[in-house]
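Report on the following structure.
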Amino acid sequence: MADTTLSRALDSDLFWSFRNSWTARLSSLVLISLFLAAALAPVLATQDPYDISQLFLLDSELPPMWAEGGDPRYILGTDQQARDLYSSILYGLRLSLIVGFASVALAAALGVSLGLLGGFLGGVVDATIMRVADVLLSFPAILVALLVNGIARGILPPEQHADAAIWVLILAIGLTNWVQYARTVRGSTMVERNKEYVQAARINGVSGIGIMIHHILPNVLGPVLVIATINLGMAVLTEATLSFLGVGMPATQPSLGTLIRIGNEYLFSGLWWVVIFPSVVLVVLVLAVNLLGDWLRDALNPKLR
């Protein structure tokens, strides 16, 4: 059974498209490398940047090891707090990916659920969901994320801001991006609900929830997968933007955006490596995600086959 499933996957149009697309192969290789580096951060890092006892202030502001004054112990140099930049990037990458994946999962779950309900039920339910979506679309995503972030920080006591920062970021970004999923799934659901297999399920006594979950949902997951892939890059960028603005992860637990913000403050002091290396990693990550998402969108489009 497993061999049959594997052989079908290898013979599929999607895998054929993947094999014949160098951008898909290269972006997948880059993403896998970055994911492994983030997952294995405690093993690959030479220092725990979150552990103050491992920091030595006399080693602060050291340039990369190949530059004049560099130290072989710090491959990419250190920041003003003597944190090993290489280790900080690994841990920051892990935080950025956690926020990105979790916020995409939240947005997809919320958007797909509301899209299914609106498209299947129609009427007042559909109109209400779409009007809320229209209101959110009328504002830039970063402003909505800032609003949600500000409300959450206003509700929580100040001493809990640092501990709750990652959850606030996930909530802010997730509530910003659900509209795309809802509108896409709603449109597909309105087409699928009038097809024969849905009518047959109704005649057989299947409940509305059962029809939505077991019959309609599997047929609308293709566009959702494409949106989720592209939104991962956007979620990471939004997290980096919020952190750069100072409302994201705290400096004691830096993400890529926080590292860039900290480095930008010392850029004109000659500490170019503190901002350059995290920025390069962020650009490579987002570019690889977007390239993979573009390939997936074209590969799943039947009009391009």
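Residues to consider are I262, I209, I227, I213; find the one that is touching a helix residue (DSSP H, G or I) at 6+ places or on another chain (Cβ under 6 Å), assigned to a helix (DSSP H, G or I) and modelled with pLDDT of 80 or more. Don't jump to the end; show me each part of the working.
On the way: I262 fails: touching a helix residue (DSSP H, G or I) at 6+ places or on another chain (Cβ under 6 Å); I209 fails: touching a helix residue (DSSP H, G or I) at 6+ places or on another chain (Cβ under 6 Å); I213 fails: touching a helix residue (DSSP H, G or I) at 6+ places or on another chain (Cβ under 6 Å).
Selected residue: I227, the only one of I262, I209, I227, I213 that is touching a helix residue (DSSP H, G or I) at 6+ places or on another chain (Cβ under 6 Å), assigned to a helix (DSSP H, G or I) and modelled with pLDDT of 80 or more.
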Enumerate the pairs (first residue in the range 153-175 and part of a loop (DSSP other than H, G, I, E, B); second residue anywhere and modelled with pLDDT under 85) with beta-carbon separation below 7 Å, excluding pairs fewer than 6 apart on the same chain, so at least 6 apart or on different chains. L156/A164
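Checking the conditions here, which among D298, D294 is acidic (D, E) and under 18 Å from L31 (Cα atoms)?
Result of the check over D298, D294: D294.
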From the list I142, I166, which residue is modelled with pLDDT under 80, open to solvent by 20 Å² or more (accessible area, probe 1.4 Å), out of contact with any Pro (no Cβ under 8 Å at 6 or more places or on another chain) and of a type in the set (A, V, I, L, M, F, W, C)? I142
Here are T238, T258: which of them is under 29 Å from T128 (Cα atoms) and buried (at least 23 other Cβ atoms within 10 Å of the Cβ)? T238
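The values are calculated or read from the model by the stated rules, or taken from the named source; none is laboratory data. Nothing here was measured: the structure is a model prediction, and the numbers come from that model. Ideal geometry is used to build each Cβ from the backbone, glycine not excepted, and the neighbour counts take in all protein chains shown. Ligands, DNA and RNA are stripped out before the accessible areas are found, and what is left, the full protein with its side chains, is counted by its heavy atoms. Shrake-Rupley method; radii C 1.70, N 1.55, O 1.52, S 1.80 Å.
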